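These notes are about the structure you will find just below.
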Amino acid sequence: MSEGTIGPGRGSSRGQPALGGMGGHVGAPHLQVTDLVAGYVRGLPVVHGVSIEVDRREIVTLIGPNGAGKSTLLKAIAGLIASEGGRVRLDGRDVTALPAHEVVSSGIGFVPQTGNVFTTLTVHENLKVGAHVIRGALNERLERAYVLFPPLAARRALRARALSGGERQMLAIARALMTDPTLLMLDEPTAGLAPRMVEDVFRHLRGLAEARIAVLMVEQNARAALRVSDRGYVLTEGRNRFAGPAPALLDDPRVAEAFLGGRRPGP
C-alpha cells in the first residue's frame, strides 16, 4: 500500500501526503508538525518524519495499527519525550524543544489514555491542580468547567476514584481545559467506555472545536472517531501513510480494509 493523500488532505512534501489545500485558513495552520522524529531512547525513533496539521475549529484523528507511533507523536508534541528532528509549531511559534510545563503554558493541553486524573483527590481538587500553571483567581474557570460538564458539578466533592469511566474522562478533559488551551490532544479518549458515553465524549469534543479549539486525538475506535472528525491521518510504522478528509478516509476501500476492520459496508 503506497503513501498518499485521499481527497484534498494535508500531509508532508517528502514522499508523503501533500500539505495545503484544505481548511480554508490563510497562512500557517494552528498546529504544524513537520518531519518529526521522536522516540523513548535516543537513536531508536518510533516516529520517523511524521508531518501533520490541525487548525482551529476542526477535529483531526490519528488512526493506525498498534505500534504505529500515534501516542508517541502526541507525547512528543506535548514535550513529554524528546524530539530528535523536525519541528512543532503552534501559531507559527516553534515549541519543539520546550519542556512540558512550558508547552502547557504555550496553549497545548494533553489528556493521556491512563493516569489522567488523581484518584485520591476530589473532582474540585483535580480541576484546581489542572490549573497549576495559571496565576490568579480560578473561580471563573472552575465554574466554566462545571457548566461544560454538569455531572461533575454534582460530584465536585467526590474523590475521582468514585466516578464512572465516562465521568473520569469528562474530568480529565475538564482538567486539561483549565489552562485555556488552543490545542487539545487526547489519547484514546473513549477507551473502555459504554457506547452512550462514547457519544457524549465525541459530542463534547465537537463543541470544543466549534468554540475555536483545535482538537487532535488518537482513537482505536477509528470509524466512530472519523465520523465526528474533519480530517484524519493514517500512520503505519511511525510514518505518514494516508491523509484526507474524514469522509474520504471512511469511504476508501484501502483504508477500510487495512485499518477500519474490513471494507466499508454498502448503502
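Some observations on this one:
- Some residue of the range 128-147 being in contact with a Phe, Trp or Tyr (Cβ under 6 Å, 6 or more places away or on another chain) and not aliphatic (A, V, I, L, M): no
- Residues of the range 1-58 classified as at pLDDT 95 or above and among the basic types (Lys, Arg), total: 2
- ALA209 being free of Cβ contacts under 8 Å to residues at least 60 places away in the same chain, part of a helix (DSSP H, G or I), buried (at least 18 other Cβ atoms within 10 Å of the Cβ) and small (Gly, Ala, Ser): no
- Any chance THR61 is of a type in the set (Val, Ile, Thr) and more than 19 Å from ARG93 (Cα to Cα): yes
- Of ILE77, ILE59, all but one fail to be touching a residue at least 40 places away in the same chain (Cβ under 8 Å), under 25 Å from LEU250 (Cα atoms) and not polar (S, T, N, Q); the exception is ILE59.
- Scan the range 75-111 for residues that are within 21 Å of ARG141 (Cα to Cα), touching a Ser or Thr at 6+ places or on another chain (Cβ under 9 Å) and of a type outside the set (S, T, N, Q) and the total you get is 4.
- Among residues of the range 90-127, those that are in contact (Cβ under 8 Å) with a residue 24 or more places away in the chain and among the charged types (D, E, K, R), counted: 1
- Flag if THR179 is among the β-branched types (Val, Ile, Thr), assigned to a loop (DSSP other than H, G, I, E, B) and surrounded by fewer than 20 Cβ atoms within 10 Å (Cβ to Cβ): yes
- Scope the range 112-161; condition closer than 14 Å to LEU177 by Cβ and more than 23 Å from the chain's Cα centre (by Cα); matching residues: LEU138, GLU140, GLU143
- Scanning the range 199-223 for residues that are aliphatic (A, V, I, L, M), at pLDDT below 95 and under 23 Å from ALA248 (Cβ atoms) yields one hit, ALA222.
- Scanning the range 134-149 for residues that are in a loop (DSSP other than H, G, I, E, B) and surrounded by 14 or more Cβ atoms within 10 Å (Cβ to Cβ) returns ILE134, LEU138, PHE149.
- Extreme residue, surrounded by the fewest Cβ atoms within 10 Å (Cβ to Cβ), among residues of the range 212-229 that are under 24 Å from GLY67 (Cα atoms) and among the charged types (D, E, K, R): ARG227
The values are calculated or read from the model by the stated rules, or taken from the named source; none is laboratory data. No experiment lies behind these values; they were computed from the predicted model shown. So basically every Cβ, Gly included, is an ideal-geometry build from the backbone, and we count neighbours across all protein chains shown.
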